[in-house]
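Written out below as structure tokens is the structure these notes cover.
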Amino acid sequence: MLMDFLFIAGMLSLLFISLTVLVMMRSLRNQQKEDAAQLRSEVSQNITGIAKLTQDQLYAVAERTSLFTERTDRQLLEIRAQLESKLELIRNDNSQKLDQMRETVDEKLHATLERRLGESFKAVSDQLSMVNKGLGEMRSLADGVGDLKRVLTNVKSRGILGEFQLNSILEDILAPDQYATNIATKRESSDRVEFAIRLPGKDEQHLKGTPVWLPIDAKFPKEDYERLLDAQEIGDTEAMDAARKAIRLRIKSEAKDISSKYLDPPNTTDFAILFLPFEGLYAEVLNSPGIVDDLQRAHRVVLAGPTTLAALLNSLQMGFRTLAIQQRSSEVWKVLGVVKSEFSKFGELLDRTKKKLDQASGELDLASRKSATIQRRLVSVESLPAEDLVGIPGNDQAVDTLEPAQMAD
């Protein structure tokens, strides 16, 4: 019963509290409505005031903007007018300066054009005169080439051309006594080689005696070489092969003649030199397979072009200089031996001279010591006047001899 009563009392209390809360909430809701209505009224009044104030400010800003726009338009018009006037002045000034520059440029261009045209015409005239002169030289050169071609058609003239070039190379490199021309290098033979280099023999001293000759002969197969050049120019392979074969046979034939006519060891070297006067011909012969070995093995002949021969001669010249230095060295040793013997004699002469000088020095020392002794002994002797010695018999001559001595003193 008690528990039911407490439960009922609790429920009643809770109900009372709920009612009280509802009443309070209703009164609070009414109060909030009133406050909200009042707040809406105040906000509405404030918004209306702000809107009015903002409208007034906008009107004022619009008036200021209108005034600023009008003032800016007036300033822009003034600036535009000033700019147009200044631009007009600048335009007029530029037009005047451009006119002046145009006149100046026209005058300078006219003068420069006249000067350049004059110079160009003069240069063209000079070049034309040079061309005419060159044409004249080419005409004379063509005539000379024709003359040279006519000369080369002669076998003897072609040989002279090769000999001339060979002689020029020998003169440039060797001394005149180091080679000979048109000499018979083979005993009991009248065949003479064009050139032969003098080499020292085993019994030769200072290049006096029996030399050993190195034969050099110049050859120029002109017709075969010209056929080869013509075939190369037109690209005819068969003609080129035929021309090369002909050159090969011609070179072998010349090498055989040189070997049989000019080689005679030990009077000559065991080989000779076949000189080809043109590098192009020398190169073509070298390009022939095995020809160099064949010539050296079968005929003991060495091929040489202008450059190869010059290198060979320079090597020989170095050998000649080495031999000369060796010979000069032997002469120097002989001179040094003579100088040595003469110098030993000069040393003996110096020794004898030194002995005599020492002897003379000793005799001078002895005379000096004796003179000092006499001087010491004569210190205490009084000398008499000359007039007192006159009266002494036998002293007149002594006085005469003393007076010159005193005068000398």
- When the chain is fully extended, how far beyond the present Cα-Cα distance does Ser41 get from Glu78, taking 0.36 nm per residue of separation? 7.8 nm
- Query: Ranking Tyr179, Tyr262 by Cβ neighbours within 10 Å, fewest first, what do you get?
  - Reply: Tyr179, Tyr262
- Message: Between region 45-92 and region 251-325, what is the separation of their alpha carbon centroids in Å?
- Response: 113 Å
- Potential lengthening between Lys33 and Ser371 on full extension [0.36 nm per residue; Cα-Cα distance subtracted]: 104.4 nm
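Would you mind getting the Kirkwood hydrodynamic radius of region 1-106 from its Cα pairs, rounded to one decimal in Å? Numbers along the way, then the final one.
Working: mean 1/r = 0.0430 Å⁻¹.
Radius from the Kirkwood sum: 23.3 Å.
Computed from the coordinates by the stated procedures, all read-outs in this text should not be read as laboratory data. Everything numeric in this text was worked out from a predicted model, so none of it was measured. Backbone-built Cβ (ideal geometry, glycine too); neighbour counts: all protein chains shown.
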